[in-house]
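Any read-out appearing in this document is the output of simple, stated calculations on the displayed coordinates, not a laboratory observation. On a predicted model such as this, the values are computed, not experimentally measured, just so you know. Neighbour counts are summed over all protein chains in view; Cβ atoms, including those assigned to glycine, are modelled from backbone coordinates with ideal geometry.
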Amino acid sequence: MDRHGQVRQADGDDLVELPAVEAAADELFVPLGITDLPAPAPAAERAHAWRVLVVGRPVRGFAVLELLDGAVHLEQLSVDPAHGRRGIGGALLAATVQASRDHGADRVTLLTYADVPWNAPFYARHGWQVTTELTPGLRALRRREEQLGLDRHGPRVAMVRLVT
């Protein structure tokens, strides 16, 4: 990746750009009939995340990381489709694993759609595996997803990647 493609921790200017990147990425779901995803989180909310990693200036992609049950949880990964298929998502995942390792966590978790090609199959190509062993925090997040109605668009799965 070029100098604009290096993963770095987000600053305040970056956080303001995240909702637009997320909204653009959410447009990929429209052809699947998924048109009512929750609105992108505002910058102020993202500022409270454990870590926000970004690629590009302006931001081309980002990952929001939280701490959950002794693990790092990938709460959100979005890449602007105008910059997709260039390794940005993979670079953000690699940086997520490294941040987890640096923190001393033994795993990274996430929740995603099982059958959407750029969801569970993408994460599986990067070392994540579907798990049915949900920690209390993951169970709570799944309940929240159910309340938001995300399950109506297809099966959701929890995935884990061990950090070695």
Any idea what the relative contact order of the chain is, in percent, if you count C-alpha pairs under 8 Å spaced at least 6 apart? 21 percent
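Note the full-extension length gain between residue 122 and residue 47 as 0.36 nm times their separation in residues minus their Cα-Cα distance, in nm to one decimal.
Here the segment from residue 122 to residue 47 would lengthen by 24.3 nm.
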Helical contribution to [θ] at 222 nm, DSSP H n ≥ 4, -39,500 (n - 2.57), averaged over the chain, rounded to 500: -10000 deg cm²/dmol
Would you please report the Å³ per residue occupied by the convex hull of the alpha carbon atoms in the chain? 111 Å³
R0 of 22 Å, Cβ-Cβ distance residue 102-residue 129: FRET efficiency to nearest 0.05: 0.50
Could you work out which residue, out of 110, 32, 53, moves most in a Gaussian network model of the chain, that is, has the largest mean-square fluctuation with Cα springs under 10 Å? 32
Using a cut-off of under 16 Å, list every residue of region 139-155 whose amide N is near the label point 7 Å from the Cα of residue 35 along the Cα-to-beta-carbon line. 153
Let me spell out the model: positive unit charges on the Cβ of Lys and Arg, negative unit charges on the Cβ of Asp and Glu, origin at the Cα centre of the chain. What dipole size does that give, in debye rounded to 20? 440 debye
